[in-house]
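Only one structure is covered here, and it is reproduced in the block below.
The values are calculated or read from the model by the stated rules, or taken from the named source; none is laboratory data. Being a predicted model, the structure only gives us computed values, none of them experimental. Using ideal geometry, Cβ is built from the backbone for each residue, glycine included, and neighbour counts are taken over all protein chains shown.
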Amino acid sequence: MPYDVLPIAERREFLYSWRMEIRKDHNLSKLNTFGVSANAKFFVKIANEADLGKLFNAPEFKKNKKLFLGGGSNVLFTKDFDGLVILNKLKGIEVLSEDSESVIIRCMGGEIWHDLVVFTVERGLWGIENLALIPGTVGAAPMQNIGAYGADLKNTLLNVEAFEISTGQKKIFTKEECELGYRDSIFKNKLKDRYFIFAITLKLSKKEKKNLTYKVLQEHLEKNKIKVKNSKHISDAVVDIRRSKLPDPKVIGNAGSFFKNVFVKPAELKKLQETYPDIPYFEEDEIIKIPTGWLIEQAGWKGKKAGNVGVHEKQALVLVNHGGAKGEEILILANKIIADVKEKFGLELMPEVNLI
Ligand code: EPU
């Protein structure tokens, strides 16, 4: 079993040898999946809850603005960060309880999200298999209610444990209190920058609960004659689809979908259909979603390069760093795309990535 999925109790050896240290002028290029270079005025890694106590009392923490970082897979550093960057390395996955139907799992925020998916599917549990290979850490998952292939975190989340940054007070947010929406939560809105998420608790099913609502996933299973007998079959299929469509950040810098998909009202869709009869759209809970990848492709940007940056050739929603790009260049490209889509379709694109 890889170290990353060891239960909390078995991590003591690592914790004993660990000492938290606040560094100055730290380069963040290896800590963001875009791979852009930016410096943090102060930088610290936290690996256990005791570190958090020490951190809240440190003068660098009290005096500076703060940024909590997980896998760095949803941020774009457009300039240096004039404050303290806190890298969350809080590790541990534990089973809190179980009955004949379900298992309650608590996972620390610094775990890699995909390792948690692996942990659950290897134990035959259902609930997050459709979310396989989403980059980033567990702590970042509730921030934007991560979702893919017909599922999102909301389906399994029970609660979120967080620290209020200004007081150091711990608070448990129920799922309802998290106000989860499409790529959205209270932590991106009302409570933006106010809480640090350090653990989440999920309820997973022991009973089969396959979610094959997403057409692309269904088609992949049919094409490859895969009979779904367990949740791993689904997570494996999702891994295959993602690998075939989305660039691996280890090979080419990117942060997954750079923009959110666009929501429109029925009347807006009707109007768009007059000019673009083939416009794709999805209806979810009476909300009409237009794939931004299609809009960007129609605006002529798919596969385009602009200096060191560009739009991915297989998924236009993904902006890439072809090497040596500055965050600013990616932002300039994003703004050009926003302007072109606005001009062509009258629709406003919203970044999904957190711009720093
Ligand atoms: N499309 C195009 N051209 C493109 C890309 C997409 O025309 O270059 C159109 C096609 O009509 C396609 C449709 O968009 O059928 C949907 O594409 P896809 O299945 O790839 O999904 P998406 O809506 O583009 C969303 C998520 C992805 C997630 C997939 C699968 C957002 C912003 N993105 O993309 O999430 O993996 O669905 O569920 O909701 C991420 O958040 O980083 C991410 C990759």
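At a glance:
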{"item": "Residue count for segment 273-316, restricted to those that are hydrophobic (A, V, I, L, M, F, W, C) and over 20 Å from A148 (Cα atoms)", "result": "6"}
{"item": "Conditions (1) touching a Lys or Arg at 6+ places or on another chain (Cβ under 9 Å); (2) more than 8 Å from the ligand (Cβ to nearest atom); (3) of a type in the set (D, E, K, R): number failed by K302", "result": "(2)"}
{"item": "Top-ranked residue of segment 29-83 - restricted to ones that are in contact (Cβ under 8 Å) with a residue 24 or more places away in the chain, assigned to a helix (DSSP H, G or I) and of a type outside the set (A, V, I, L, M, F, W, C), ranked as surrounded by the most Cβ atoms within 10 Å (Cβ to Cβ)", "result": "D51"}
{"item": "Odd one out for K215 among (1) within 26 Å of F56 (Cβ to Cβ); (2) within 16 Å of the ligand (Cβ to nearest atom); (3) without any contact (Cβ under 8 Å) to a residue 12 or more places away in the chain", "result": "(1)"}
{"item": "Among residues of segment 291-332, those that are within 18 Å of F345 (Cβ to Cβ) and either under 21 Å from the mean Cα position of the chain (by Cα) or among the aliphatic types (A, V, I, L, M) (or both), counted", "result": "9"}
{"item": "Out of L212, L204, sole residue that is part of a loop (DSSP other than H, G, I, E, B) and among the hydrophobic types (A, V, I, L, M, F, W, C)", "result": "L212"}
{"item": "Number of the exception - L272 against (1) more than 9 Å from the ligand (Cβ to nearest atom); (2) under 22 Å from the mean Cα position of the chain (by Cα); (3) touching a residue at least 40 places away in the same chain (Cβ under 8 Å)", "result": "(2)"}
{"item": "Filtered residue count, segment 217-226, keeping only those that are part of a helix (DSSP H, G or I) and more than 22 Å from the chain's Cα centre (by Cα)", "result": "6"}
{"item": "Test set (1) of a type outside the set (D, E, K, R); (2) within 25 Å of N354 (Cβ to Cβ); (3) in contact with a Leu (Cβ under 6 Å, 6 or more places away or on another chain); (4) surrounded by fewer than 18 Cβ atoms within 10 Å (Cβ to Cβ) - I279 fails condition number", "result": "(2)"}
{"item": "Filter result for the condition that a residue is without any contact (Cβ under 8 Å) to a residue 24 or more places away in the chain and either touching a strand residue (DSSP E or B) at 6+ places or on another chain (Cβ under 9 Å) or among the charged types (D, E, K, R) (or both), over E352, E328, E297, E348", "result": "E297"}
{"item": "Lone qualifier among S166, S205 - being surrounded by 14 or more Cβ atoms within 10 Å (Cβ to Cβ) and away from the ligand (no atom under 13 Å from the Cβ)", "result": "S205"}
{"item": "Unmet requirement for K89, which otherwise passes all of (1) more than 16 Å from the ligand (Cβ to nearest atom); (2) at pLDDT 95 or above; (3) not acidic (D, E)", "result": "(2)"}
{"item": "Test: residue in segment 328-338 that is within 14 Å of the ligand (Cβ to nearest atom), among the charged types (D, E, K, R) and either surrounded by 15 or more Cβ atoms within 10 Å (Cβ to Cβ) or not assigned by TED's automatic domain parsing to the domain that holds I134 (or both)", "result": "no"}
{"item": "Hits in segment 94-147 (condition: under 10 Å from the mean Cα position of the chain (by Cα) and either part of a strand (DSSP E or B) or more than 13 Å from the ligand (Cβ to nearest atom) (or both))", "result": "T137, V138, G139, P142, G147"}
{"item": "Any hit, segment 283-290, residues being more than 12 Å from the ligand (Cβ to nearest atom), within 23 Å of the chain's Cα centre (by Cα), closer than 23 Å to N32 by Cα and modelled with pLDDT under 95", "result": "no"}
{"item": "Looking only at segment 311-326, and only at residues there that are more than 13 Å from the ligand (Cβ to nearest atom) and within 19 Å of K250 (Cβ to Cβ), the one that is surrounded by the most Cβ atoms within 10 Å (Cβ to Cβ)", "result": "N321"}
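Yes/no matrix, rows are residues, columns are (1) surrounded by 14 or more Cβ atoms within 10 Å (Cβ to Cβ); (2) small (G, A, S); (3) within 20 Å of the chain's Cα centre (by Cα):
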position	(1), (2), (3)
E161	yes, no, yes
I200	yes, no, yes
K215	no, no, no
V228	yes, no, no
V239	yes, no, yes
D248	no, no, yes
V262	yes, no, yes
